[in-house]
Structures are given as C-alpha cells and as structure tokens.
Amino acid sequence: MKAISFVVFGLLMVVSAPALAQAPKAEQAGDGKTPPVVTMTTPSDSTPYDAQLTRLAEIVGALHYLRPLCGAKGEDWRSDMQKILDTDAANEPGRKARLTAAFNRGYRSFAAVHAQCSQTAIKVEARYRAEAATLVAEITSRYGN
C-alpha cells in the first residue's frame with residue numbers, strides 16, 4: 001500500500017488554525033442469451049483513499065480562491081496541492097490528472113460565484129477548512145505510515 005505523504009499531515013496543521021471521485025465503470029459481459037454479468041472496475045492507478053483525496057483536492061482549490069479573497073495572506077494552497085501531487089501521485093499521470101481536475105473544479109466553482117468577500121464566502125471557507133481537517137485526519141489515521 002502506498003504511504004501517505006507528510007504533506008497531507010502538514011495540510012492538517014494548516015487547516016486546523018475544509019468531490020467528487022471518479023466513479024467506477026461498469027463492464028458487462030454476456031452472450032446475449034443469458035443475463036449479463038456486471039463487474040465494477042476502478043482505474044488501475046487508484047488507491048483506497050482516492051475518493052477522500054479527490055475531495056480534499058477540491059476543497060484545497062476552493063480555499064486557494066476563497067482565502068485571499070477574504071484577506072488571508074501568506075498562504076499558498078496551490079503549492080501545498082503541488083506537494084501532494086509530487087509525493088502521492090508523481091508516477092501516476094491518471095491520478096495526478098484527476099486530482100488536478102478536482103483542485104481546478106474547486107477553484108473555479110467559487111471564482112464563478114464570488115467576486116468579493118461576503119459572509120457566505122467566509123462561512124463556506126470555515127466549513128471547508130473543517131472538512132479538510134477531518135479528511136486529512138481520516139486519511140492519515142487509516143492509511144498513514
């Protein structure tokens with residue numbers, strides 16, 4: 001099993017001071033006369049925690065947009081995401097692409113709606129930081145080394 005990077009743990013420290021995973025594909029087999037057998041497959045370059053990591057990437061993307069919008073300084077969520085990609089998906093282009101897409105989806109979803117800081121943006125940012133902290137704790141406690 002792949003070891004979780006300390007970058008994810010470091011991210012927990014940042015979010016403490018919050019996705020959509022690619023669904024498995026159904027494949028059918030059969031000769032047309034008997035009912036087909038349905039089997040579920042996942043991408044060959046996936047890990048058991050990919051759904052959680054994908055959601056985390058989406059949240060980090062949203063925070064990368066929301067935090068500076070509402071005045072936070074000195075945080076570089078994009079660099080944190082890049083470290084996760086470099087350590088956890090470096091030799092897996094499919095996973096790297098899925099995690100990057102999730103990050104971009106999180107960023108764009110809020111960029112399309114919030115042009116300036118608002119009470120809603122502040123509340124969402126706080127909820128996302130809490131959700132990210134929970135995800136990081138779950139991933140590291142279950143799959144960390």
Checklist entry - Can you name the number of the only condition in (1) part of a helix (DSSP H, G or I); (2) modelled with pLDDT of 85 or more that V7 fails? => result (2)
Checklist entry - When you go through (1) farther than 15 Å from L56 by Cβ; (2) under 12 Å from the mean Cα position of the chain (by Cα) one by one for A132, which number turns out not to apply? => result (1)
Checklist entry - Of the residues E131, E125, which single one is at pLDDT below 95, surrounded by 15 or more Cβ atoms within 10 Å (Cβ to Cβ), touching a helix residue (DSSP H, G or I) at 6+ places or on another chain (Cβ under 9 Å) and not hydroxyl-bearing (S, T, Y)? => result E125
Checklist outcome for this item: Taking region 94-132 and keeping residues among the hydrophobic types (A, V, I, L, M, F, W, C), in a helix (DSSP H, G or I) and either farther than 18 Å from Q82 by Cα or touching a Lys or Arg at 6+ places or on another chain (Cβ under 6 Å) (or both) leaves F110, A111, A121, I122, V124, A126, A130
Checklist entry - Is there a residue being part of a strand (DSSP E or B), at pLDDT below 85 and closer than 25 Å to G94 by Cα anywhere in region 44-60? => result no
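The values are calculated or read from the model by the stated rules, or taken from the named source; none is laboratory data. Remember, predicted model here, so these are calculated numbers, not experimental data. Positions of Cβ are generated from backbone atoms using ideal geometry, with glycine treated the same way; all protein chains shown enter the neighbour counts.
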